[in-house]
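The next block holds one structure in the form of structure tokens; read it before the comments.
The values are calculated or read from the model by the stated rules, or taken from the named source; none is laboratory data. It should be emphasised that the depicted structure is a prediction, and the values quoted were computed from it without experimental measurement. In this analysis, Cβ positions are derived from the backbone assuming ideal geometry, glycine residues included, and neighbour counts consider all displayed protein chains. We work out accessible area using only protein heavy atoms, side chains counted, and drop any ligands, DNA or RNA first. Shrake-Rupley method; radii C 1.70, N 1.55, O 1.52, S 1.80 Å.
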Amino acid sequence: MPGAVSIREVGPRDGLQNEEPVPTEGKVRLLDLLAGTGVRRIEAVSFVHPKAIPQMADADQVWARATRAPGVRYSALVPNSKGAQRALAAGFTEIEVVVSASDTHNRRNVNRSTAESLDDIAGLIALLHEAGATAEVIVATSFGCPYEGDVDPARVAGIVDRVVADGADRVAFGDTTGMATPRRVRELVTAVRNRQPDIPVLLHFHNTRGTALANLLTALDLGVTEYDASVGGLGGCPYAPGASGNVATEEVVHMLHDMGVETGVDLDALLEAAAFAERLVGRELPSGVLRAGPRTRLTS
């Protein structure tokens, strides 16, 4: 079991893009609260067309007004070269791009096949590297697709082979609708590592079917030390029916700290950020730890 893990907080982007649009100042406040929790990576915004994701229409303003906390690595998600140029102009040096493992989800998401997206991503990686930025490729629907069902781990591993050959610095695997189980996690991580043992891997779990923490524990046993999580359990996917929220950051931190695995995150400060996120979106969030409080311990 690893002694420490790295959590990337994705609530400001992945979480808020699935809610009704909230005020810019609220987004900035949430970013700044999260930066004060001790988390060392935050996915801040995405640079997408406002007609596609109106919740991110103010990405430039949010980033311009946010406090850049020392020691925190901020990243942005982009769909194409135009978005990448906007992110680079805003000063981001860590940039993510998404491709779906299933063709159907990829077409619903960006109106092209997986193969066509991979061709575009090759050019994006070159563009980002020329500008001195890193490129992380996120493979959505890695553990199953809401339209096609099961996704063969070998297909995902083949996508990783392609993006590594094109120069990707890192890869991440998205459980877009919470179809992952411990078995699927083990099979996917093993398939990828057998072919690309040196590429840094991050896992992104949704809790649609209540398996997110079990999946994370399985990945820990496999030695994976990088995970996405979303404050309060915000999140979902606008192009995936039934995609409920991401695993809540405070639930991940609570479990890991109880197991003696360090995250660097102050749970009390994180719960304050989660409470603010709940007020910001105007509804009760699914986080169990937010309901129970920071001092609660598991008892028999």
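Which value, in debye to the nearest 20, describes the size of the charge dipole of the chain about its Cα centre when Lys and Arg Cβ atoms bear +1, Asp and Glu Cβ atoms bear -1, and nothing else is charged?
On the way: 29 positive and 38 negative charges, 45 e Å.
Dipole size: approximately 220 debye.
Grab the DSSP H runs of the chain that are 4 residues or longer, score each as -39,500 (n - 2.57), total them, divide by all residues and round the 222 nm result to the nearest 500 deg cm²/dmol.
On the way: 11 runs with 121 residues, N = 300.
After summing the helix terms and dividing by residue count, I get -12000 deg cm²/dmol.
Determine the per residue accessible area of region 5-107 with all protein chains present and a 1.4 angstrom probe, expressed in square angstrom. The partial results should precede the final answer.
On the way: 3850 Å² over 103 residues.
About 37 Å² of surface per residue is accessible.
Below 8 Å between Cα atoms, with a sequence gap of 6+, how large is the relative contact order for region 42-127 in percent? Mind showing how you got there, number by number?
Working: 99 pairs, mean separation 21.4, N = 86.
Result for region 42-127 is 25 percent.
Among residues other than Val22 whose Cβ falls under 11 Å from its Cβ, what is the net charge (Lys/Arg +1, Asp/Glu -1)?
Numbers: positive: Lys27, Arg29, Arg279; negative: Glu19, Glu20, Glu25, Asp58.
Neighbourhood net charge equals -1.
Measuring with a 1.4 Å probe in the full set of protein chains, what accessible area per residue, in whole Å², belongs to region 161-283?
On the way: 4400 Å² over 123 residues.
For region 161-283, the per-residue accessible area is 36 Å².
Which of these, Val72, Val224, Val98, has the largest mean-square fluctuation under a Gaussian network model of the chain (Cα springs below 10 Å)?
With Cα springs under 10 Å in the chain, the top fluctuation among Val72, Val224, Val98 is at Val72.
In a GNM of the chain with a 10 Å cut-off on Cα contacts, which of Gly91, Gly15, Gly178 has the highest mean-square fluctuation?
Between Gly91, Gly15, Gly178, it is Gly91 that shows the largest mean-square fluctuation.
Please name whichever of Ala168, Pro79, Phe92 sits farthest to the positive end of the charge dipole of the chain, dipole taken about the Cα centre and charges placed at Cβ: Lys and Arg +1, Asp and Glu -1.
With unit charges placed on the Cβ atoms, the residue in question is Pro79.
Quick test of the membrane-span-like rule: which DSSP H helices of the chain reach at least 15 Å along their long axis (C-alpha atoms) with mean Kyte hydropathy at least -1.0? Don't skip to the answer; put the middle values down first.
On the way: long enough: 24-35 (17 Å, 0.39); 114-130 (24 Å, 0.62); 153-165 (18 Å, 0.94); 182-195 (20 Å, -0.97); 267-281 (21 Å, 1.08).
Those that pass (Cα extent of 15 Å or more, hydropathy at least -1.0) are 24-35, 114-130, 153-165, 182-195, 267-281.
If you roll a 1.4 Å probe over the chain with all protein chains in place, what percent of the accessible area is carbon or sulfur? Walk me through the intermediate numbers first.
Working: 5860 of 11950 Å².
It is 49 percent, rounded to a whole number.
Before anything else, pin down the relative contact order of the chain: Cα pairs under 8 Å, at least 6 apart, normalised by residue count, whole percent.
Details: 612 pairs, mean separation 61.8, N = 300.
Once normalised by length, the contact order is 21 percent.
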